[in-house]
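The values are calculated or read from the model by the stated rules, or taken from the named source; none is laboratory data. Computed from a prediction, not measured in an experiment: that's the story for all the values here. So basically every Cβ, Gly included, is an ideal-geometry build from the backbone, and we count neighbours across all protein chains shown. Accessible surface is based on the protein model in full, side chains and every heavy atom, while ligands, DNA and RNA are left aside. Shrake-Rupley method; radii C 1.70, N 1.55, O 1.52, S 1.80 Å.
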Amino acid sequence: SGQYVRWVSRMRDSFAPGIDAWEVSLKYLMGAVVASGGVLLATYTWMLRNVLPEKEEKVLEKKATGKKEKLSMKDSVRLLSGSKYIRDLATLVVSFGMCINLVEVSWKSKIKQAFPDPSDYSAFMGNFSSAMGTVTLFMMLIGRFVLQKFGWRTAALVTPTMIGVTGLSFFALTFFSEKLGLAASALGTTPLMLAIIVGAVQNILSKSSKYSLFDPCKEMAFIPLDKDSKTKGKAAIDVVGNPVGKSGGALIQQILIFSVGSLAAATPYLAVTLCMIVFFWIKAANRLATQFEGEMQLEA
């Protein structure tokens with residue numbers, strides 16, 4: 001999909017003067033979306049007719065034996081406050097969402113600054129999507145090896161460490177852009193493009209590590225819990241952890257922008273905030289690793 005977006009975005013070079021290249025590009029992109037949706041609907045229909053009838057009885061039995069429990073916000077907060085294990089696990093989820101939001105918004109603002117033309121912006125994001133898919137596939141292949149070779153603790157610490165290092169590098173390049181002009185010129189680029197490249201690396205590595213290491217570690221952390229705690233813990237994290245992580249980073253940025261006037265002026269404060277979140281993330285991961293390893297040893 002990434003290379004298709006790039007190809008469509010570059011079609012404007014072959015258009016005659018007077019043709020709205022962006023309008024034509026949008027038509028091709030929406031056509032691809034409609035075609036993909038048709039393929040999905042056809043596949044779904046085929047599965048309904050040929051696959052699901054054979055599994056229907058097993059699915060009904062599974063639904064009868066247990067339903068996914070839904071907790072209210074009040075119940076979720078009560079569970080998190082009463083269980084150190086679930087609380088540390090929720091801290092990991094909240095921290096990931098906040099860190100991603102803090103860096104990604106600033107990074108995309110730099111992309112728009114470098115590529116004001118919609119077609120150029122779309123072409124860059126197409127290449128970014130292709131790189132994301134390639135790196136994610138590679139990380140998925142080595143994720144199991146990291147877990148088996150180095151254990152849960154190391155695998156859980158990869159994501160916050162990587163986000164901290166690459167995120168701070170991006171903010172540093174953004175904040176000290178005026179002083180990095182000569183160094184960027186020696187590399188054949190500009191400080192702005194250098195920050196965009198580092199930001200792209202940060203986004204690619206953070207999201208690929210989420211799928212290959214962060215999510216497996218999160219699911220493995222539920223293994224030592226009893227059935228009731230496991231069900232309620234997952235429900236509590238769905239109710240509190242995910243929304244707070246996604247909205248918390250946006251709230252922090254809004255407060256900083258209103259306080260200092262712009263996203264660019266908020267860069268040093270965002271960097272400090274990122275450091276604090278990563279610090280508590282690593283601390284919670286280490287506590288959770290100690291509890292997880294202890295529970296697994298008891299079960300063994």
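Could you tell me whether the stretch 288-298 includes any residue that is of a type outside the set (Ser, Thr, Tyr), in contact with a Leu (Cβ under 9 Å, 6 or more places away or on another chain) and open to solvent by 60 Å² or more (accessible area, probe 1.4 Å)?
Yes - at least one qualifying residue is present in the stretch 288-298.
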Legend entry - Residues satisfying the stated conditions in the stretch 131-170, i.e. among the aliphatic types (A, V, I, L, M), free of Cβ contacts under 8 Å to residues at least 40 places away in the same chain and closer than 27 Å to residue 276 by Cα: 165
Inset, instruction - Output the number of residues of the stretch 265-281 satisfying the condition of being under 21 Å from the mean Cα position of the chain (by Cα) and either among the hydroxyl-bearing types (Ser, Thr, Tyr) or surrounded by fewer than 19 Cβ atoms within 10 Å (Cβ to Cβ) (or both). - result: 7
Legend entry - Residue among 165, 198, 158 that is modelled with pLDDT of 90 or more, surrounded by fewer than 16 Cβ atoms within 10 Å (Cβ to Cβ) and within 27 Å of residue 2 (Cα to Cα): 165
Legend entry - Unique match (being under 22 Å from the mean Cα position of the chain (by Cα), among the aromatic types (Phe, Trp, Tyr) and closer than 26 Å to residue 221 by Cα) among 150, 96: 96
Inset, instruction - Spot the failing condition for residue 238; the list is (1) open to solvent by less than 40 Å² (accessible area, probe 1.4 Å); (2) modelled with pLDDT under 90; (3) more than 24 Å from residue 172 (Cα to Cα), and only one is missed. - result: (1)
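Yes/no matrix, rows are residues, columns are (1) in a helix (DSSP H, G or I); (2) more than 30 Å from the chain's Cα centre (by Cα); (3) farther than 30 Å from residue 128 by Cβ; (4) at pLDDT below 70:
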{"position": "3", "(1), (2), (3), (4)": "yes, no, no, no"}
{"position": "30", "(1), (2), (3), (4)": "yes, no, no, no"}
{"position": "40", "(1), (2), (3), (4)": "yes, no, no, no"}
{"position": "63", "(1), (2), (3), (4)": "yes, yes, yes, yes"}
{"position": "69", "(1), (2), (3), (4)": "no, no, yes, yes"}
Inset, instruction - May I ask you to verify whether residue 250 is over 26 Å from residue 178 (Cβ atoms), at pLDDT below 90, of a type outside the set (Asp, Glu) and under 21 Å from the mean Cα position of the chain (by Cα)? - result: yes
Inset, instruction - Kindly provide the set of residues from the stretch 83-98 that are open to solvent by 10 Å² or more (accessible area, probe 1.4 Å) and among the charged types (D, E, K, R), ordered by number. - result: 84, 87
Inset, instruction - Evaluate the following for residue 184: is it touching a residue at least 40 places away in the same chain (Cβ under 8 Å) and in contact with a helix residue (DSSP H, G or I) (Cβ under 6 Å, 6 or more places away or on another chain)? - result: no
Inset, instruction - Might you let me know whether the stretch 205-218 holds any residue that is without any contact (Cβ under 8 Å) to a residue 24 or more places away in the chain, assigned to a helix (DSSP H, G or I), open to solvent by 60 Å² or more (accessible area, probe 1.4 Å) and not small (Gly, Ala, Ser)? - result: no
Inset, instruction - Tell me, yes or no, whether the stretch 134-146 has at least one residue that is farther than 25 Å from residue 94 by Cα, assigned to a helix (DSSP H, G or I) and basic (Lys, Arg). - result: no
Legend entry - Options 229, 247, 262: the member that is outside any helix (DSSP H, G or I), open to solvent by 10 Å² or more (accessible area, probe 1.4 Å) and not aromatic (Phe, Trp, Tyr): 262
Inset, instruction - Take residue 284 and decide whether it is open to solvent by less than 20 Å² (accessible area, probe 1.4 Å) and within 18 Å of residue 90 (Cα to Cα). - result: yes
